[in-house]
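A.B. asks: Sharing a structure, written as structure tokens. Questions coming.
The values are calculated or read from the model by the stated rules, or taken from the named source; none is laboratory data. Every value quoted in this text rests on a predicted model; they were computed, and no experiment measured them. The area values use the complete protein model at the heavy-atom level, side chains included, leaving out ligands, DNA and RNA. Shrake-Rupley method; radii C 1.70, N 1.55, O 1.52, S 1.80 Å.
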Amino acid sequence: DSDKLPLLKKALVTLLEPVRAIDNISIITYSDEARIVVPTTTGAEKKRVASVVDTLKAGGLTAGSKGLNEAYLLANQSYIPQGNNQIILATDGAFRVSQKDRRMIEASAKDTKRPIVLSVVAFGNKENALDMLAGLSKLGGGSAMEVRKASQAENVLLDEIKKRSLK
């Protein structure tokens, strides 16, 4: 649907507002291939990140598994001890995730020395996709959130980050 990407963009820009200069953010897109569009950068660059978000376009297939693998590689490279090391997967549909990927997601969440949490934000209402995505977030030790209308989009990501962040 044409309204899903604008909802995601709005949520990402809202998420950037409280980002501090010491915080890090990365963005990976996945359509036909996974692509790092914002390599790990500090909150001091949030205006640049917002301008990249503004240029995002939907298209292609859903290479979600490739996107997840890329996200975990990047999260491990940029890991911050005692920080909020979290991957937020935003999607509007289901995609295949292998058993190998599922084991990696679960192991990363349960790693006592370098845990990485996976949370999922689902845009839309495809029940089979929502069930699969909720299962992934459970494996990843994170939350599953649904965004079905514009009024939810602005705060859903921000609320998740606040919930997981150290005080």
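A.B. asks: Of the accessible area of the stretch 55-102, with the probe set at 1.4 angstrom, what percent is carbon plus sulfur?
C.D. replies: Ligands and nucleic acids excluded, carbon and sulfur reach 52 percent.
A.B. asks: Please work out the ratio of the alpha-carbon Rg of the chain to 2.2 N^0.38 Å and round it to two decimals. Display every interim value, and only then the final one.
C.D. replies: Numbers: Rg = 14.7 Å, N = 167, 2.2 N^0.38 = 15.4 Å.
Compactness ratio reported: 0.96.
A.B. asks: Using the heavy atoms of the protein chains and a 1.4 angstrom probe, tell me the accessible area per residue for the chain in square angstrom.
C.D. replies: So the chain comes to 57 Å² accessible per residue, rounded to a whole number.
A.B. asks: Follow-up. Over the Cα atoms of the stretch 1-80, what is the Rg over Rh ratio if Rh follows Kirkwood? Before the final figure, lay out the partial values.
C.D. replies: Values: Rg = 12.9 Å, Rh = 13.3 Å.
Using Cα coordinates only, the ratio equals 0.97.
A.B. asks: Taking amide H atoms as placed 1.01 Å from N in the peptide plane, list the residues 5 or more away in sequence, or in a different chain, whose amide H sits under 5 Å from that of ILE116.
C.D. replies: Close amide H contacts, sequence-distant or interchain: ALA109, ASP111.
A.B. asks: Then there's this: Of LYS110/LYS163; LYS46/LYS66; LYS9/LYS113; LYS4/LYS66, which sit over 30 Å apart, Cα to Cα?
C.D. replies: Numbers: LYS110/LYS163 18 Å; LYS46/LYS66 25 Å; LYS9/LYS113 33 Å; LYS4/LYS66 21 Å.
Checking Cα-Cα distances, LYS9/LYS113 exceed 30 Å.
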